[in-house]
Amino acid sequence: MKKFLIVLLAAAPGFLVGQKSIKEFYAKDINALSLKEHLEILASDSLEGRETGMEGQRMAADYIQRYFEEISLKPGNGNSYFQYFDIDLLKPATVTLNVADTVSLNFPDEIFYLGNVADQEIDFKELVFCGYGIEDSLVKDYDGLDVEGKVVLILNGEPKNEQGNFVLTGNARNSKWGRSPVSKIQLAREKGAKAIVEYNANLGSVAALYKRYLMRTRVSLSKEITEVEAPYIIVGDTLEGLLSGKSIVSLNNGDVIDLSGGISFVNNSTKGQSSNVLGVIEGSEYPDQFLVITAHYDHIGKNDSLVFNGADDDGSGTVTVMELAESFQKAAYDGYKPKRSILFMLVSGEEKGLLGSEYFTDNPTMDLGNVIANLNIDMVGRVDKEHENNPDYVYVIGSEMLSSELKTISEKQNKKFGKLELNYRYDDPNDPNRFYYRSDHYNFAKNNIPVIFYFNGTHEDYHKATDTVEKINFDKMAKIGRLIFHTAWELANRDELLPLDMLKD
Ligand SMILES: [Zn+2]
């Protein structure tokens, strides 16, 4: 005890040794200058927008890892700072429909497909017409038909009655069968169809809607394709020309169309890898219990030479977590170890769908039941329109969703030390912006772990190449960092755990 005191006095001569002042001393260490130093590197063009699975993301991960090592955090995953996870880089498939040896239609200009499909070649000699491909109390397109092993031809949408209303709903609103193709695809697969060909007279508008989305590379957590499912393709008016004079609208359910050909899918997706970076300060009394502090270090990459720097999103949260780690570590060195362990974790894959935090909560490095709370920081470096004259604010989301006490603690710490405007405008799972679901804390909340999401709102540079360092307000960012430090200190050191009094079953 004495020794600690000496170190402390050497570090900070003259201040009163009470928990309050000790805490404030280390909180103040989070400052605009250090935040800026880190962010200028992480949000620089050389990191190419830190896109998950790309070189810039790996460079960012290495930078964070080196820093964790430099400040002597304990590696958070065995003896490694990294938690690697495999990803699929989902690229558009090469899809061709060959008909009658003469016509070859290709994705994405003449045909469309939806879903992730394994490599396959399907030959057919005929198509079986199955109306709209619906099976419901009022519409039974498969009645009396056996489509096992057949290629089915179905119409887009759903039938209307003479008044122009949808048959299934009796009004102008369509049913689930018309809203999305998912139910039809599932049903045809259940019936044993080997492929589903949908005719859509408005293929052009479908193309306009989906082409951009389908042509870009998407990223997901790696999944083995264990089952080869019947593919689904959409064909436009070119199909009618192939039906030897028949018009599609004149077909009846069960009509067999003599048409031979093949559907070919080549999956062009590739495998990649990404990582979360984890550093730990071990608790002095309850080392098995963890407070987890997170931000995502990935962003959306670059477009040719245009780099999306992601200074605010979420460079700001990343450097805040790094500075929080340093302050807690300094305190620990001076003898003020937290009672509980703190995991500082920078995740990736957030921009691709919260992948890194999903991987972590599915493959945690500790018993998830021992995670007492997650504080997640995503975009805390800018000021939104509503706060142009009051930059000292932060949107607080989720703090009483599972435990009312977390909100109480957060407010108390803010009243004493933070003095920021805590704004609860988005603190509602039903808010149309759905921010509660849109960052990594959600994967913790899903597992009944109380969370606080700290956020400054969106702005005109959100997900644009103009989200750059010189627009960051580092002073306000440091203030938010200090508030989080105080809240984290309280959570890591208080004797009681947070009661899950707001948990709904
Ligand atoms: Zn973000």
Original post:
Which of the residues that make up the stretch 126-164 are over 20 Å from A188 (Cβ atoms) and either surrounded by 14 or more Cβ atoms within 10 Å (Cβ to Cβ) or touching a Ser or Thr at 6+ places or on another chain (Cβ under 9 Å) (or both)?
Top reply: K160
Original post:
Do we have any residue at all in the stretch 107-129 that's in contact (Cβ under 8 Å) with a residue 40 or more places away in the chain, part of a loop (DSSP other than H, G, I, E, B), farther than 23 Å from I263 by Cβ and assigned by TED's automatic domain parsing to the domain that holds S264?
Top reply: no
Subject >> From E55, E51, E69, residue being within 20 Å of F360 (Cα to Cα), in the same structural domain as I281 (by TED's automatic domain parsing), open to solvent by 10 Å² or more (accessible area, probe 1.4 Å) and modelled with pLDDT of 95 or more >> reply: E51
**OP:** Please name all residue pairs, on different chains or six or more residues apart, with Cβ atoms under 6 Å, provided the first residue is in the stretch 403-418 and is under 11 Å from I484 (Cα atoms) and assigned by TED's automatic domain parsing to the domain that holds A27 and the second residue is part of a helix (DSSP H, G or I) and among the β-branched types (V, I, T).
**Re:** S410/T487; Q413/T487
**OP:** Kindly indicate the residue of the stretch 193-208 that is more than 22 Å from N267 (Cα to Cα) and not polar (S, T, N, Q) and also modelled with the lowest pLDDT among those meeting that condition.
**Re:** A208
Original post:
Would you pick out the residues in the stretch 48-77 that are part of a loop (DSSP other than H, G, I, E, B), under 15 Å from G315 (Cα atoms) and of a type in the set (V, I, T)?
Top reply: T52
**OP:** Go through the stretch 361-386 residue by residue and tally those that are touching a residue at least 60 places away in the same chain (Cβ under 8 Å) and over 12 Å from H441 (Cβ atoms).
**Re:** 15
Original post:
Which condition breaks for H486 when tested against (1) in contact with a Leu (Cβ under 8 Å, 6 or more places away or on another chain); (2) closer than 18 Å to L35 by Cβ; (3) crowded, with 22+ Cβ neighbours inside 10 Å?
Top reply: (1)
**OP:** Out of G398, G353, G369, report the one residue that is under 26 Å from the mean Cα position of the chain (by Cα), within 16 Å of the ligand (Cβ to nearest atom) and surrounded by fewer than 17 Cβ atoms within 10 Å (Cβ to Cβ).
**Re:** G353
Original post:
within 30 Å of K302 (Cβ to Cβ) and touching a residue at least 40 places away in the same chain (Cβ under 8 Å) - does that describe any residue in the stretch 486-503?
Top reply: no
Original post:
So which residues in the stretch 335-384 are under 23 Å from A478 (Cα atoms) and of a type in the set (V, I, T)?
Top reply: I342, V347, I377, V380, V383
**OP:** Considering each residue of the stretch 287-303, count those that are more than 11 Å from the ligand (Cβ to nearest atom) and open to solvent by 10 Å² or more (accessible area, probe 1.4 Å), and give that number.
**Re:** 6
**OP:** Quick one: which residue in A207, A230 is outside the structural domain of V347 (by TED's automatic domain parsing), open to solvent by less than 80 Å² (accessible area, probe 1.4 Å), within 28 Å of F107 (Cα to Cα) and in a loop (DSSP other than H, G, I, E, B)?
**Re:** A230
Subject >> Matching residues in the stretch 304-315 - criterion: being touching a residue at least 60 places away in the same chain (Cβ under 8 Å) and either assigned to a helix (DSSP H, G or I) or more than 10 Å from the ligand (Cβ to nearest atom) (or both) >> reply: L306, V307, F308, N309, A311, D312, D313, D314, G315
**OP:** Look at the stretch 210-227 and say how many of its residues are surrounded by 12 or more Cβ atoms within 10 Å (Cβ to Cβ) and either polar (S, T, N, Q) or closer than 20 Å to Q120 by Cα (or both).
**Re:** 5
**OP:** Just need a number here: residues in the stretch 13-34 that are part of a helix (DSSP H, G or I), at pLDDT 90 or above and open to solvent by less than 100 Å² (accessible area, probe 1.4 Å).
**Re:** 8
Original post:
Listed residues S275, S260, S264; which is crowded, with 21+ Cβ neighbours inside 10 Å and of a type in the set (G, A, S)?
Top reply: S275
**OP:** Restricting attention to the stretch 420-473, report how many residues are away from the ligand (no atom under 15 Å from the Cβ), open to solvent by 60 Å² or more (accessible area, probe 1.4 Å) and touching a residue at least 40 places away in the same chain (Cβ under 8 Å).
**Re:** 4
Subject >> Residue selected from the stretch 335-350 under the condition within 16 Å of the ligand (Cβ to nearest atom) and open to solvent by less than 10 Å² (accessible area, probe 1.4 Å), by the criterion farthest from N376 (Cα to Cα) >> reply: G349
Original post:
Do we find a residue being modelled with pLDDT of 95 or more, farther than 25 Å from N98 by Cα and either under 34 Å from the mean Cα position of the chain (by Cα) or among the aliphatic types (A, V, I, L, M) (or both) anywhere in the stretch 151-164?
Top reply: yes
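The values are calculated or read from the model by the stated rules, or taken from the named source; none is laboratory data. Being a predicted model, the structure only gives us computed values, none of them experimental. Counting neighbours? That spans all protein chains shown, and the Cβs are built from the backbone with ideal geometry, glycine included. Just so you know, the surface numbers come from the protein's heavy atoms only, side chains and all, with ligands and any DNA or RNA stripped out. Shrake-Rupley method; radii C 1.70, N 1.55, O 1.52, S 1.80 Å.
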